[in-house]
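The values are calculated or read from the model by the stated rules, or taken from the named source; none is laboratory data. Remember, predicted model here, so these are calculated numbers, not experimental data. Note that each Cβ is placed from the backbone with ideal geometry, even for glycine, and that neighbours are counted across all protein chains shown.
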Number of protein chains: 2
Amino acid sequence: MRIALDAMGGDNAPAEIVAGAIEALDFLAADDKIILVGPQAVVEQNIPSSARSNPKLQIVDAPEVIAMDEPPIESLRQKIKSSINVIAKLAKRGEADAVISAGNTGACVAAFQMRMRNIEGVNRPGIAVVFPTFGGAVTVCDVGANIACKPINLYQYAVMAQLYSANVLGVAKPRVGLLSIGAEDAKGNEVVKKARDMIKADPSINLVGNVEGRDIFKGVCDVVVCDGFVGNVVLKLAEGLVDGLFKAIKTELMAEKITLALKFKPVMMRIYQKYDYHEYGGAPLLGVNGTAIICHGSSKARTIKNAINASKKFYSAKINDKIAEYLSKSSIGISNDQEQGS
Amino acid sequence: MRIALDAMGGDNAPAEIVAGAIEALDFLAADDKIILVGPQAVVEQNIPSSARSNPKLQIVDAPEVIAMDEPPIESLRQKIKSSINVIAKLAKRGEADAVISAGNTGACVAAFQMRMRNIEGVNRPGIAVVFPTFGGAVTVCDVGANIACKPINLYQYAVMAQLYSANVLGVAKPRVGLLSIGAEDAKGNEVVKKARDMIKADPSINLVGNVEGRDIFKGVCDVVVCDGFVGNVVLKLAEGLVDGLFKAIKTELMAEKITLALKFKPVMMRIYQKYDYHEYGGAPLLGVNGTAIICHGSSKARTIKNAINASKKFYSAKINDKIAEYLSKSSIGISNDQEQGS
């Protein structure tokens, strides 16, 4: 398997990204390859001498870099030779089986969708993030690829995320929840209500109904489906809140007694590890015709190593074939394409 | 001041609601009155004998009750004599200066808006919740009154919430953030982008720009403006996450050492108190022509007591006059009413 890795993506690029690739060399199969994509000299500099001649590492030059805060579409157009554009092209030409980037999320989504195209039957791809919650691993889709969802998009997110949960995370018959503002069927905006009707009409989806913000961390479902705007707010809110709460606890403990703070530290570390998103490595962009993993902007070497592992799992589970097969048999949304299609 | 209190609203009604009213008697002024609204006999039963003849307590009979999960509009129509309908009518007829309910939020919003009407110039009211964050008190509007916001609604939420933050919470020149999915101006859906242009065009609003989910708890702004669907998800997510995290910490500490768990308990209690939404008592429905406070469904006596206090503050601060005056001078959204008005 050939994995194209954007060496310039994220706040800690290129050092941590390249370091993650080096760490991953340990578990790669004999015929696996990591293609590091970025400005040749910069990438080379970051590879330790002991790994420079490793046959599993390859460099493809991409002299341009798209910054984290650049407007996605314009920067993709202007920077043809940017690392994000180049990894997407490698996938398009069949020269890479997977792409991974911790760079500008909007640019990644646009580049992967444009070059790799969607899986037959998929209207819009969605980013699926796995939340390590107190009630188990919960897959939330979409968290930012599509901020103007139509009902058919939400239906397809349910389909794709449940297949991901079942085949990659090993969840048997994943319970699907639709994020809304109340448990009752009548609750939600028009898009959510129409999406619920579509999901309900598909007997292969194990829909538990609407779920609320508070349910995400309670283990009431394995998959949460939502619009990318809402999902993105949820993702960042959860990060910020957990971070802030730990800081508040630390401050209080320090004020109480420094020895108590020290005793609490290992407990805090254990919780951090248990619920750490770095463990999952990255989020697949479900619906594109290939294996595309988008990582957190703050990714460290460990995150990238785990993302490489995640891309191998995703690829070997043949999720995309399963999505295509599922949607080819589903009649949901077909009759009403004019209104509901994207 | 006459405060009409829905004695039947919320999961702990009527006992905790009436108990909250009794607790509030201590700080009421000589000419203040609490009008307890609910089935006469039920309400009477819940008043302790020592308070039965208190001239500051009055009962108005409302034999019907709207349950927490009933569809709002239908139940309001069918249950004319429900406590929510009756408190709204008391306000409409000028027989109450404030209404408070911990009942069905949708029914409260609909009843208050229908009977009390909007402040001149306001298109849609919004619920403003105060989050006690690590960076200070943050007012988030809307958290569920309006789940299909137009740009003009978001602009008006910015106007109303900043006036609330300044005049009730005492924040000098509140910093306003617009909830979106990235800090850059280009980020956000169409409604958010148009709303940002409108808010930017008003030099009296201290706009800090877009804020992300993670910023809500970081103290980057005093007011967060968002659509009611997103705001409701945020509100419930924060509750569920904090709850879950404390449980996870407790479990880890118990597994480590029970004495450590016991030592941690007072710290946990202190944090709970500091960031406890019960302290704020309830959320004002900004934009209706009167003082309307909506409380959490899980309200306890303390929450209700604090909500009664909050209604007094809101009323005496004359926020509604300030909102009407502000909007009468603002030209934002006027030229384009056809498209942007509600």
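Okay, here's what the table says:
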read-out: Residue ID - surrounded by the fewest Cβ atoms within 10 Å (Cβ to Cβ), chosen from residues in segment B:103-141 that are of a type in the set (A, V, I, L, M) and without any contact (Cβ under 8 Å) to a residue 40 or more places away in the chain; value: B:M114
read-out: Residue count, segment A:82-109 (criterion: in contact with a strand residue (DSSP E or B) (Cβ under 9 Å, 6 or more places away or on another chain) and closer than 14 Å to A:G9 by Cα); value: 16
read-out: Selected residue [part of a helix (DSSP H, G or I) and more than 14 Å from chain B (Cβ to nearest Cβ)] from A:Q58, A:Q113; value: A:Q113
read-out: Filter result for the condition that a residue is among the small types (G, A, S), in a loop (DSSP other than H, G, I, E, B) and either without any contact (Cβ under 8 Å) to a residue 40 or more places away in the chain or farther than 30 Å from B:M254 by Cα (or both), over A:G240, A:G244, A:G297; value: A:G297
read-out: Residues of segment A:236-261 satisfying the condition of being within 14 Å of B:F217 (Cβ to Cβ) and within 7 Å of chain B (Cβ to nearest Cβ); value: A:K236, A:L237, A:A238, A:E239, A:G240, A:L241, A:V242, A:G244, A:L245, A:K247, A:A248, A:I249
read-out: Pick from segment B:164-178, criterion crowded, with 24+ Cβ neighbours inside 10 Å and in a helix (DSSP H, G or I), ranking: nearest to the other protein chains (Cβ to nearest Cβ); value: B:S165
read-out: Yes/no for B:V42 being under 25 Å from B:F112 (Cβ atoms) and assigned to a helix (DSSP H, G or I); value: yes
read-out: Residue under evaluation B:A195, criteria (1) among the small types (G, A, S); (2) in contact with a helix residue (DSSP H, G or I) (Cβ under 6 Å, 6 or more places away or on another chain); (3) facing chain A (nearest Cβ under 8 Å), criterion not met; value: (3)
read-out: Hits in segment B:16-26 - residues which are part of a loop (DSSP other than H, G, I, E, B) and modelled with pLDDT of 95 or more; value: B:L25
read-out: Among the residues listed as B:I147, B:I181, the single one being surrounded by 23 or more Cβ atoms within 10 Å (Cβ to Cβ) and within 13 Å of another protein chain (Cβ to nearest Cβ); value: B:I181
read-out: Selection status of B:V234, within 16 Å of B:A137 (Cβ to Cβ), hydrophobic (A, V, I, L, M, F, W, C) and part of a strand (DSSP E or B); value: no
read-out: Unique residue being assigned to a helix (DSSP H, G or I) and surrounded by 15 or more Cβ atoms within 10 Å (Cβ to Cβ) when the list is A:A255, A:A261; value: A:A261
read-out: Filter result (under 24 Å from A:A324 (Cα atoms) and buried (at least 24 other Cβ atoms within 10 Å of the Cβ)) within segment A:92-102; value: A:A96, A:A98, A:V99, A:I100
read-out: Residue within segment A:51-62 that is surrounded by 24 or more Cβ atoms within 10 Å (Cβ to Cβ) and not polar (S, T, N, Q) present; value: yes
read-out: Residues of segment B:248-277 satisfying the condition of being farther than 22 Å from A:G136 by Cβ and β-branched (V, I, T); value: B:I258, B:T259, B:V267, B:I271
read-out: Filtered residue count, segment B:193-223, keeping only those that are of a type in the set (S, T, N, Q) and either touching a residue at least 40 places away in the same chain (Cβ under 8 Å) or surrounded by fewer than 17 Cβ atoms within 10 Å (Cβ to Cβ) (or both); value: 2
read-out: Residue match in segment A:52-69 (condition: farther than 30 Å from B:S180 by Cα and β-branched (V, I, T)); value: yes
read-out: Condition met for B:V230 (of a type in the set (V, I, T) and within 14 Å of chain A (Cβ to nearest Cβ)); value: yes
read-out: Only listed residue being in a loop (DSSP other than H, G, I, E, B) and surrounded by fewer than 17 Cβ atoms within 10 Å (Cβ to Cβ), chosen from B:I80, B:I73; value: B:I80
read-out: Test: B:G281 is in contact with a strand residue (DSSP E or B) (Cβ under 8 Å, 6 or more places away or on another chain) and either buried (at least 18 other Cβ atoms within 10 Å of the Cβ) or more than 8 Å from chain A (Cβ to nearest Cβ) (or both); value: yes
read-out: Filter pass, A:D222 being closer than 13 Å to B:V234 by Cα and either of a type in the set (D, E) or more than 8 Å from chain B (Cβ to nearest Cβ) (or both); value: no
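Yes or no, residue by residue, for (1) at pLDDT 95 or above; (2) among the small types (G, A, S); (3) touching a Phe, Trp or Tyr at 6+ places or on another chain (Cβ under 7 Å):
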site: B:A91; (1), (2), (3): yes, yes, no
site: B:D97; (1), (2), (3): yes, no, yes
site: B:I100; (1), (2), (3): yes, no, no
site: B:V109; (1), (2), (3): yes, no, no
site: B:G177; (1), (2), (3): yes, yes, no
